[in-house]
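Chemist: Starting off with a structure, shown below.
The values are calculated or read from the model by the stated rules, or taken from the named source; none is laboratory data. Quick caveat, the model's predicted, so the values are computed rather than measured. A quick note on method: Cβ atoms are made from the backbone with ideal geometry, for glycine too, and the neighbour counts reach across all protein chains shown. Heads up: the accessible areas ignore ligands, DNA and RNA and are worked out on the full protein's heavy atoms, side chains in. Shrake-Rupley method; radii C 1.70, N 1.55, O 1.52, S 1.80 Å.
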Amino acid sequence: MIALAGLATSHPYTDARTLATRSALAVWEPDAQRLARFRAEHPDAEVFDDLTALLDAKPDGVVLTVPTPQVAPALAAVLDRDLPCFVNKPAAATARQLAVLDPVVSRAPHRVLSSSVLRFAPQFEEFRARYAGDSAAILSVRATVRHSVQPWAEGLNPWQDDPAEGGGTLVTMGIHGVELLVALLGPEVTVAGAVSAVRRYRSLRSEDTGLIALGWPGGPVGAIEVLGVTDDEAYAVTVETAEGPHTMTLTGGDDPETALGYRGTIAAFLSMVAGEPSPVRWTETRAVLSVLATARAMTR
């Protein structure tokens, strides 16, 4: 049995569709509307009143999706049971949240997976393999994240749009670009600068456009463009070399759950349920979160 602890964003509904083909499901979610949606899609799932009761049912693994400030105590409860856990992104949105999360994860980093699903997109895995061991050929890198934040401007999940809680657009959407570049070039990354702006959605508490500048010691420079004013969803990585640019673009296509890495992420999590350590080292995940928290602070 796989437990879904929280349904705070859209991701766990997608996760559950894949998991339901492999395992029985159990769920806890305090919001009645979200829980009703889940039960309509998975009427056989067992429902629990709180996180403790869910964990007392002895699941084989946990998909954790709670508002970002609640991640650390919820994850601590999961790790107290020695269970593998996939924490839907971002696991921390500010330096303070990351400082609270660090000692929790340090107890069992091999049990914790937290990542943008794009890391596990088949097209990106092929692109990444092309440059494995040959980063010296890369002059610079650029990731462009196109994902509309109009729903936030209309009032959906206001905690995600709050820079002090969910991190806002720069963090919640920017993580996709940071994840891809750290996966490509490694966790020894520093933030050179960050800027953000509101170009259309004036009701936002954060921003709808942002830019993060990065650097690797003795290595490439990089940039991440975050575009929340867009009619399409796409994620691109461009590698500049002496021979010219090489670009990979991820879109949903006919099978978005495969093309954007959702199924690959769940496969990685289920490998942990089967006894394997997390396929993404905490040093990489922490680097991603640290970049985002630093960039967030620079724009405030």
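Chemist: Could you please tell me which pairs satisfy a Cβ distance under 8 Å, a separation of 6+ or placement on different chains, a first residue in region 267-278 that is more than 15 Å from Ser115 (Cα to Cα), and a second residue that is part of a loop (DSSP other than H, G, I, E, B) and open to solvent by less than 60 Å² (accessible area, probe 1.4 Å)?
Modeler: Val273/Pro84
Chemist: Now for a different question. Return yes when Leu180 is surrounded by 19 or more Cβ atoms within 10 Å (Cβ to Cβ), of a type in the set (A, V, I, L, M, F, W, C) and over 22 Å from Pro69 (Cβ atoms) and no when it is not. Talk me through it step by step, then tell me what you get.
Modeler: On the way: surrounded by 19 or more Cβ atoms within 10 Å (Cβ to Cβ): yes; of a type in the set (A, V, I, L, M, F, W, C): yes; over 22 Å from Pro69 (Cβ atoms): yes.
Yes; evaluated as a whole, the condition is true for this residue.
Chemist: Separate question: Would you mind finding the one in Asp80, Asp102 that is open to solvent by 10 Å² or more (accessible area, probe 1.4 Å) and under 22 Å from Met1 (Cβ atoms)?
Modeler: Numbers: Asp102 fails: under 22 Å from Met1 (Cβ atoms).
Only one candidate qualifies: Asp80.
Chemist: State yes or no: is Ala213 more than 27 Å from Arg17 (Cβ to Cβ) and without any contact (Cβ under 8 Å) to a residue 24 or more places away in the chain? Show your work before the answer.
Modeler: Details: more than 27 Å from Arg17 (Cβ to Cβ): yes; without any contact (Cβ under 8 Å) to a residue 24 or more places away in the chain: yes.
The answer is yes for Ala213.
Chemist: Scan region 190-231 for residues that are of a type in the set (Phe, Trp, Tyr) and within 29 Å of Leu139 (Cα to Cα) and jot them down. It would help to see each step written out before you state the result.
Modeler: Taking region 190-231 first, the residues of a type in the set (Phe, Trp, Tyr) are 201, 216.
If the condition is that a residue be of a type in the set (Phe, Trp, Tyr) and within 29 Å of Leu139 (Cα to Cα), then Trp216 is the only one that fits.
Chemist: Additional query: Take the residues of region 52-76 that are open to solvent by 30 Å² or more (accessible area, probe 1.4 Å) and of a type in the set (A, V, I, L, M, F, W, C): which is farthest from Ala267 (Cα to Cα)?
Modeler: If we take residues in region 52-76 being open to solvent by 30 Å² or more (accessible area, probe 1.4 Å) and of a type in the set (A, V, I, L, M, F, W, C), then Ala53 is farthest from Ala267 (Cα to Cα).
Chemist: Now, a different point. Scan region 116-131 and tell me whether some residue there is touching a helix residue (DSSP H, G or I) at 6+ places or on another chain (Cβ under 9 Å), open to solvent by 10 Å² or more (accessible area, probe 1.4 Å) and assigned to a loop (DSSP other than H, G, I, E, B).
Modeler: no
Chemist: Just to be sure I understand, how many residues within region 41-72 are of a type in the set (Ser, Thr, Tyr) and either under 13 Å from Ile2 (Cα atoms) or out of contact with any helix residue (DSSP H, G or I) (no Cβ under 8 Å at 6 or more places or on another chain) (or both)? So that I can check it myself, show each step before the final result.
Modeler: Filtering region 41-72 down to residues of a type in the set (Ser, Thr, Tyr) leaves 52, 65, 68.
Filter again for either under 13 Å from Ile2 (Cα atoms) or out of contact with any helix residue (DSSP H, G or I) (no Cβ under 8 Å at 6 or more places or on another chain) (or both), leaving none.
The total comes to 0.
Chemist: Moving on. All but one of (1) under 20 Å from the mean Cα position of the chain (by Cα); (2) surrounded by 18 or more Cβ atoms within 10 Å (Cβ to Cβ) hold for Gly186; which doesn't?
Modeler: (2)
One line per residue, one yes/no per condition, for (1) closer than 22 Å to Asp161 by Cα; (2) open to solvent by 60 Å² or more (accessible area, probe 1.4 Å); (3) not in a strand (DSSP E or B):
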| site | (1), (2), (3) |
| --- | --- |
| Ile212 | yes, no, no |
| Asp232 | yes, yes, yes |
| Thr265 | no, no, yes |
| Glu276 | no, yes, yes |
| Arg300 | yes, yes, yes |
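Chemist: Here is a follow-up. Looking at region 10-50, which of its residues are surrounded by 15 or more Cβ atoms within 10 Å (Cβ to Cβ) and among the acidic types (Asp, Glu)?
Modeler: Asp15, Glu29, Glu46
Chemist: Here is a check on your reading of the model: is Glu243 more than 16 Å from Ser148 (Cβ to Cβ), at pLDDT below 95 and either of a type in the set (Asp, Glu) or surrounded by fewer than 17 Cβ atoms within 10 Å (Cβ to Cβ) (or both)? Steps first, answer last, please.
Modeler: Working: more than 16 Å from Ser148 (Cβ to Cβ): yes; at pLDDT below 95: yes; either of a type in the set (Asp, Glu) or surrounded by fewer than 17 Cβ atoms within 10 Å (Cβ to Cβ) (or both): yes.
Spelling it out, Glu243 is indeed more than 16 Å from Ser148 (Cβ to Cβ), at pLDDT below 95 and either of a type in the set (Asp, Glu) or surrounded by fewer than 17 Cβ atoms within 10 Å (Cβ to Cβ) (or both).
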